[in-house]
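Quick notes on the structure that follows.
The values are calculated or read from the model by the stated rules, or taken from the named source; none is laboratory data. It should be emphasised that the depicted structure is a prediction, and the values quoted were computed from it without experimental measurement. Counting neighbours? That spans all protein chains shown, and the Cβs are built from the backbone with ideal geometry, glycine included. Note: areas computed on protein heavy atoms with side chains; ligands, DNA, RNA excluded. Shrake-Rupley method; radii C 1.70, N 1.55, O 1.52, S 1.80 Å.
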Amino acid sequence: MSKKVRVAIAGVGNCASALVQGTSYYHRYHSSDDRKKGNENENENNNNNSGTRSNISSSNDSSSNSGGSHLAPPGLIAYNLGGIEPSDIEFVAAFDVVESKVGRDLADAIFASPNNTIKISDVNKTGITVEKGEVLDGVGKHLNERVKISDKSPPNIAQILKDSGAEILINYLPVGSRQATKYYVEQCLDAGVSFINAIPVFIASTPKWQQAFAGKNLACAGDDVMSQLGATVLHKTLVKLFVDRGVKIDETYQLNVGGDMDFYNMLDEERLEDKRISKTSAVAAMVPYPIPMRIGPSDFVGFLDNDKICYINMRGKYFGNVPIELDVKLKVVDAYNSAGVMIDAIRGTKLAIDRGTSGPLESISAYCFKHPPVQMTYSDAKNRFMEFIEGKRER
């Protein structure tokens, strides 16, 4: 029997849109009727998406390659993880500060401007109204040029979390929202709600907050969600490959560009300190010696919409001190690259809650986030995550 998990969201941007759509998409994906339709429509949908940013049909799947309905569909470590399926995630509260989203049903707010990710699924009305959150430092000077802040007064966030029965709050605020993130952390501590931190503000990896959640018998996971196949996991895996194969790395860099409000917000250089630390530490942890590296967001390119393009360069020496150089380009739809990872993080955190495990969730954080309490290689993190799911590891 599956378990329900009640989730609140702070920040209804593209990533929240992908998460909410994703739970609906995979519910349809798993139904027998849609799996039959998927094979019939696959070629048509692939043609429709070739060279355009058209929507993806919710019936388009790769079940012909999955070997059965119980194997993991693309993007999830498993369809049923510890007895929890994507459709068991219930959204019970949501907070934002942008006028176009505040006061609307969550199912409508996820498609409201300035969100610009592609649509993969229709979403039924949730009955959840997006409430006005505290602004604090959640909107930088550049982002403030593009959005209108709601003039509604913020309600009592902790009380809403209590009344909604939320078990977990996901922090999707804009990069650089240090004060606003800590505000939501405090609301969770007051309301008895566990916390998943998707952004590079250091909560789950900071002893002060680890102890605060443990003291309230609550769990926390983070920090800074790592995409299914994004710039950080690709870069750290390539670096580890070089090291394991005996290549001496001399230097490396990673440049990222995108066209959504996340990248526009990151034009404020002062908001990027934690982001650069998060991404750099994940890669640097794979090398047993210091190397020059530059990693982080590079520029905003408006016409890319929610596409993200990453360039990775690595230079080094191999046998005979002969030079080697690697150049990689990766292009993804950014929001969906983290949605499946977040579904796995939510389900893992729910298992921790049910088991009475509090404080930082090390295996979940290492598998799903760039700046966890303990850095691991991707393969080690995945193995430990699965051991945690199976009850072989406490955290």
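Summed over segment 280-289, the residues that are within 21 Å of residue 332 (Cα to Cα) and either surrounded by fewer than 22 Cβ atoms within 10 Å (Cβ to Cβ) or in contact with a Leu (Cβ under 6 Å, 6 or more places away or on another chain) (or both) give a count of 1. Taken as a whole, the structure places residue 201 among residues that are at negative phi, touching a Lys or Arg at 6+ places or on another chain (Cβ under 8 Å), open to solvent by less than 40 Å² (accessible area, probe 1.4 Å) and not acidic (Asp, Glu). Does residue 170 fit the bill of being among the β-branched types (Val, Ile, Thr) and under 24 Å from residue 268 (Cβ atoms)? Yes; evaluated as a whole, the condition is true for this residue. Being at pLDDT 95 or above, polar (S, T, N, Q), more than 18 Å from the chain's Cα centre (by Cα) and not in a helix (DSSP H, G or I) is the requirement here; does residue 256 meet it? It is false that residue 256 is at pLDDT 95 or above, polar (S, T, N, Q), more than 18 Å from the chain's Cα centre (by Cα) and not in a helix (DSSP H, G or I). Note on segment 342-395: residues that are part of a helix (DSSP H, G or I), small (Gly, Ala, Ser) and open to solvent by less than 10 Å² (accessible area, probe 1.4 Å) amount to 7.
Can you find a residue in segment 53-60 that is at pLDDT 85 or above, part of a loop (DSSP other than H, G, I, E, B) and farther than 25 Å from residue 349 by Cβ? The answer is no; no qualifying residue exists. Among the residues of segment 308-341, which ones are open to solvent by 40 Å² or more (accessible area, probe 1.4 Å) and outside any strand (DSSP E or B)? Selection gives 319, 320, 321, 336.
Checked against the criterion of being open to solvent by 40 Å² or more (accessible area, probe 1.4 Å) and among the hydrophobic types (A, V, I, L, M, F, W, C), the candidates 214, 219 yield just one match: 214.
Taken together, 83, 140 contain a single residue that is within 21 Å of residue 183 (Cβ to Cβ), touching a residue at least 60 places away in the same chain (Cβ under 8 Å) and open to solvent by less than 40 Å² (accessible area, probe 1.4 Å), which is 140. Residue 119 passes every criterion in (1) surrounded by 15 or more Cβ atoms within 10 Å (Cβ to Cβ); (2) without any contact (Cβ under 8 Å) to a residue 40 or more places away in the chain apart from (2).
Condition check: within 22 Å of the chain's Cα centre (by Cα) and at pLDDT below 95. Does residue 72 satisfy that? Considered against the rule, which asks whether it is within 22 Å of the chain's Cα centre (by Cα) and at pLDDT below 95, residue 72 comes out as yes. Please tell me if residue 358 is at pLDDT below 95, over 16 Å from the mean Cα position of the chain (by Cα) and on the phi < 0 side of the Ramachandran plot. Judged against the criteria, residue 358 is not a match. If you go through segment 280-307 and keep only what is in a strand (DSSP E or B) and in contact with a Lys or Arg (Cβ under 7 Å, 6 or more places away or on another chain), you end up with 295, 296, 297, 307. Set side by side, the residues 164, 150 differ, and just one is out of contact with any Ser or Thr (no Cβ under 7 Å at 6 or more places or on another chain), farther than 23 Å from residue 262 by Cα, small (Gly, Ala, Ser) and surrounded by 16 or more Cβ atoms within 10 Å (Cβ to Cβ), which is 164. Screening segment 264-279 for residues that are under 14 Å from residue 138 (Cα atoms) and part of a helix (DSSP H, G or I) and picking the one that is most open to solvent (accessible area, probe 1.4 Å) gives 270. Yes or no: segment 290-302 includes at least one residue that is open to solvent by 10 Å² or more (accessible area, probe 1.4 Å), hydroxyl-bearing (Ser, Thr, Tyr) and closer than 28 Å to residue 178 by Cβ. Yes, the conditions are met somewhere in segment 290-302. Taking segment 75-107 as the range and being over 15 Å from residue 17 (Cα atoms) and charged (D, E, K, R) as the test, the residues that pass are 85, 88, 99. Summed over segment 130-189, residues that are of a type in the set (D, E, K, R) and part of a helix (DSSP H, G or I) total 7.
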